Structure formats: structure tokens, C-alpha cells
Amino acid sequence: MEILGLDIGGSGIKAAPVNIETGELLAERYRVPTPRPTKPESVAEAVLTLIEHFDWKGPVGCGFPTVVNNGQCMTKSNIHKSWVGVHVDQLLAEKTGLPVTVINDADAAGLAEMTFGAGKGKMGLVVTVTIGTGLGTGVFYNGQLIPNFELGRIYYKNGEIIEYFAADSARKNENLSYKTWGKRFNKFLKHTVRIISPDLFILGGGASKKLDKFENEITVDVPVIVAENKNEAGIIGAAVAAYLKIHKEQTVAGNRA
């Protein structure tokens with residue numbers, strides 16, 4: 001089965017068709033800039049551009065950068081406030097004329113890793129962390145996604161959101177060494193361990209490629225490994241989410257019949 005995966009990010013919107021059995025991209029991914037401001041209608045137009053680029057006629061999966069509950073945007077996080085309350089799946093389906101499944105973007109990246117990457121077959125409580133502008137987290141128990149577990153949004157000192165302190169953007173903005181920043185990231189991991197006691201961390205995003213530069217600062221008593229799907233994780237995971245929804249609907253329909 002082939003599904004088009006979409007990854008809506010702060011600076012760009014990326015897409016590619018995905019082979020849902022292997023996780024492979026079936027064409028080179030295509031990217032358009034994220035509109036400014038990131039309001040619903042302008043983003044929907046950008047998505048339509050990607051659909052037309054691939055001349056896509058089938059189902060679509062979309063990773064979206066905020067809490068998503070049954071296709072509806074629940075918080076503004078790092079996007080325009082006008083999104084709150086919008087049924088993103090319905091908006092994009094109406095714009096494109098195609099069935100669209102929408103989930104949190106960090107959950108999408110985690111799904112890719114748990115289905116086709118370093119998390120495949122891993123049991124227990126697994127936390128995937130996408131280290132980038134923020135700290136996007138996906139939480140899985142025995143391979144099943146627990147959606148919208150935004151651990152990067154927990155509060156740190158003086159009411160500061162911890163991802164502002166420990167994300168890769170903080171390292172870049174404050175010109176920190178990997179050693180200094182690594183101590184900050186370790187504090188995030190320690191907070192996470194204290195709250196939910198995971199069995200495994202899987203690190204993705206740009207900074208994960210430099211793990212050798214800060215791994216000595218990580219002191220949590222939980223295994224930490226590097227993700228395998230790199231920059232395609234959001235696209236692949238969005239397609240997986242769409243497949244899982246379609247499969248569930250077909251199963252329910254079959255049971256009713």
C-alpha cells in the first residue's frame with residue numbers, strides 16, 4: 001500500500017509517497033516553505049501544492065506541530081493561534097479532495113522509528129525524542145502509541161518551558177558547546193525518568209547525529225540509542241498513522257458486516 005506522508009514544520013512542509021510495508025520513500029521528497037503567518041487557509045494551500053506536485057490521488061497522512069485529538073488542533077504550541085479548535089483533517093480533506101489523517105508530528109516521527117527503525121520490536125515504555133527547535137517526544141508502551149505526550153512542554157525553573165532551555169535551538173541561540181548543552185539535555189532526560197520511568201530513550205533530530213559529543217554528559221540509568229530514520233521520520237510516520245487508521249476502520253466495518 002502506498003500513502004503520501006506530509007510533515008508540517010515551522011520552516012517547511014515536506015512530503016513524499018511511502019511504501020507502507022517497507023517504510024521506503026517512493027520518490028524524492030518535495031518541500032515548500034511554511035507560509036507566514038502560519039494560518040489555516042495558507043497552510044492548506046501549501047499542502048495542496050504538494051499534492052499536485054505528486055499528482056496524488058490516494059490517502060494522505062500528516063504530522064502536525066501541536067496536540068492533535070481526533071484530527072482537531074487543541075493547542076497553539078509553536079503555530080498561529082487561529083489553528084486552535086480547527087479540525088485539521090477536515091480542512092485538508094476539503095482542500096485536497098482526499099482522505100487525510102492528522103497526528104502530532106513528534107508522534108509521527110516516533111511511529112516511524114517504532115515501525116521501521118531502532119524501536120522496532122522494543123517492548124516496555126519507550127520514549128522517542130526529536131531534538132530540534134523543540135523537544136518533540138513520542139511515548140510508546142509495548143509498541144502502542146500513547147498520543148500527545150509532549151514532555152518538551154513540561155515546566156523547568158521559574159516556570160520556563162524546558163524545551164526552551166534544553167532543545168538544540170537553545171544550543172545554537174546561546175552558542176553553547178555540546179558539553180554544556182549536553183548537561184541541559186540530561187536534565188530533561190532526568191525529569192522524564194522521574195515522571196514516567198521509561199525503559200528506553202531513542203534520540204532523533206539533528207543533534208542525535210552528534211551524540212558522541214555529548215553522550216558523556218548523559219547520566220540517566222536508562223539505555224539511550226540513536227534513531228535510524230533521520231530526516232524522513234516525520235513523513236514515514238505520518239503515512240504509518242494513516243495506514244493504521246484505514247486498517248482500523250476496515251476492521252470495524254468488517255466486524256459489523
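The values are calculated or read from the model by the stated rules, or taken from the named source; none is laboratory data. Treat the numbers as computed from the prediction; the structure is a model and nothing was measured. For neighbour counting, all protein chains shown are included, and Cβ atoms are generated from backbone atoms with ideal geometry for every residue, glycine included. Please note that ligands, DNA and RNA were not included when accessible areas were found on the heavy atoms of the full protein model with its side chains. Shrake-Rupley method; radii C 1.70, N 1.55, O 1.52, S 1.80 Å.
Below is a table of values for the structure above.
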{"read-out": "Within region 63-80, backbone nitrogen closer than 14 Å to the virtual label 7 Å beyond the Cα of R29 toward Cβ", "value": "63-64"}
{"read-out": "Efficiency of FRET from Cβ geometry, N231 and E160, R₀ 25 Å, rounded to 0.05", "value": "0.30"}
{"read-out": "Helix 178-196 vs. the chain, principal-axis angle (Cα, 0 to 90°, nearest 10)", "value": "70"}
{"read-out": "For region 207-212, 3J(HN,Hα) per residue [Karplus equation, 6.51 cos²θ - 1.76 cosθ + 1.60, θ = phi - 60°, Hz, x = Gly/Pro]", "value": "5, 5, 5, 10, 3, 4"}
{"read-out": "log10 of Debye I(q)/I(0), alpha-carbon scatterers only, for region 47-170 at 0.10 Å⁻¹", "value": "-0.36"}
{"read-out": "Volume per residue of the C-alpha convex hull in region 85-137, rounded to whole Å³", "value": "127"}
{"read-out": "Point-charge dipole on Cβ atoms (K/R +1, D/E -1) for region 21-140, about Cα centre, debye to 20", "value": "380"}
{"read-out": "Of K172/K213; K120/K210; K57/K230; K14/K209; K57/K95, pairs whose Cα-Cα distance is over 18 Å", "value": "K120/K210; K57/K230; K14/K209"}
{"read-out": "Given charges at beta-carbon only (K, R positive; D, E negative), |dipole| of the chain in Debye", "value": "780"}
{"read-out": "Förster radius 22 Å - calculated FRET efficiency between E21 and Q90, Cβ distance, rounded to 0.05", "value": "0.15"}
{"read-out": "Percent carbon-and-sulfur accessible area, the chain, ignoring ligands, DNA and RNA, probe 1.4 Å", "value": "49"}
{"read-out": "Fraction of antiparallel bridges per DSSP, region 129-233 only, in percent to nearest 5", "value": "60"}
{"read-out": "Contour excess over end-to-end distance, with Cα ends at M1 and K81 and 0.36 nm allotted per residue", "value": "25.2 nm"}
{"read-out": "Descending semi-axes in whole angstrom, ellipsoid equivalent of the chain, from the Cα gyration tensor", "value": "30, 21, 17"}
{"read-out": "Cleavage-rule hits (GluC sites (Glu not before Pro)) in region 140-209: DSSP loop, at most 12 neighbouring Cβ within 10 angstrom", "value": "E160, E174"}
{"read-out": "Separation of alpha-carbon centers, region 27-67 and region 185-226, rounded to whole Å", "value": "31"}
{"read-out": "Cross-link reach list, aspartates and glutamates versus K179, counting only Cα pairs under 20 Å and skipping chain neighbours closer than eight places", "value": "E163, D168, D212, E215, E217, D221"}
{"read-out": "Whole-number D in µm²/s for region 107-155 (Stokes-Einstein; Kirkwood sum over Cα pairs; 37 °C, 0.692 mPa s)", "value": "306"}
{"read-out": "Considering only region 1-105, percent of DSSP beta bridges that pair antiparallel, nearest 5", "value": "60"}
{"read-out": "Calculated Rg and Dmax of region 106-190 using C-alpha coordinates, Å", "value": "13.6, 39"}
{"read-out": "Degrees between helix 40-54 axis and first principal axis of the chain (Cα, 0 to 90, nearest 10)", "value": "70"}
{"read-out": "Relative contact order (%) - the chain, alpha-carbon pairs under 8 angstrom, separation at least six", "value": "21"}
{"read-out": "Lysines whose Cα lies under 18 Å from that of K157, excluding same-chain neighbours fewer than 8 positions away", "value": "K183, K187, K190"}
{"read-out": "Average accessible area per residue (Å²) across the chain - probe 1.4 Å, nucleic acids and ligands excluded", "value": "48"}
